[in-house]
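*Asks:* Following this message is one structure expressed as structure tokens.
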Amino acid sequence: MHSSPLAVLCPAVAEARTPAPYPHRTLRPAPQPAPRPGDSGRGLVLSFTLPGDVRSAFIGRTAISAALEVNGLAPYVWPATHAVAELVAVTARMSPGRELYVSLRHRDDAVRLLVWDQHPHHSDRDLATLCETRRRRALWLLAAVVDDWGGEWGACEAEPPQRGTKSWVVLPR
């Protein structure tokens, strides 16, 4: 897919650097839900791969909306479709041209959304901080939607053997 250097958020990928970052929050790992007694673990489970292009946000929105409605989870459609669109658009700009993995789950009265991109962690501390800051700043709308819904979100480095960054959203009932 075509992507211009100006659309790239990561400073290591872009041809030009931007000024020093603003203060930011640090990335934190996704919470691990505790199993509930008698919980079979069954619920809505949807996973798919998208091209690393901002236009994939529309496909993500459409797939998530359809899956939620078909599974009787229509109240989640508005926040979940906004969340997936923001995550896909931003992660596509972090790793242009590389595939994105999207996962949607409904379990324990919450919708869990994960978008994994192939953007590697930077070994240079300043570059990693700048890259993380740009990702967070680009996700301001996601933060507002998730906060309004009473949920939580974050991003963390993928665990080996995978590489890249996992961004996640949890939307409670």
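Read the figures in this text as sums done on the coordinates, not as results from a lab. Here the structure is a predicted model, which is why all the values come from computation and not from measurement. Quick reminder, even Gly has a Cβ in these numbers, built from the backbone with ideal geometry, and neighbours come from all protein chains shown.
*Asks:* Assuming R0 = 22 Å, what is the FRET efficiency of Phe48 and Arg163, from their Cβ-Cβ distance, to the nearest 0.05?
*Replies:* After rounding, the FRET efficiency stands at 0.65.
*Asks:* Please report the relative contact order for the stretch 56-143, taking Cα pairs under 8 Å with a sequence separation of at least 6, and give it as a percent rounded to a whole number. List each step's numbers first, then the result.
*Replies:* Values: 93 pairs, mean separation 22.8, N = 88.
Relative contact order here is 26 percent.
*Asks:* In addition: Could you list which residues have their amide H under 5 Å from that of Ala158, counting only those 5 or more apart in sequence or on another chain, with H placed in the peptide plane?
*Replies:* Long-range HN contacts for Ala158: Gly164, Thr165, Lys166.
*Asks:* If each of Asp124 and Cys156 carries a label point 7 Å out from its Cα toward its Cβ, how far apart are those two points in nm?
*Replies:* Result for the modelled spin labels: 2.7 nm.
*Asks:* Running Debye on the stretch 44-171 with equal point scatterers at the Cα sites and no solvent, what base-10 log of I(q)/I(0) appears at q = 0.11, 0.15 Å⁻¹?
*Replies:* -0.35, -0.64
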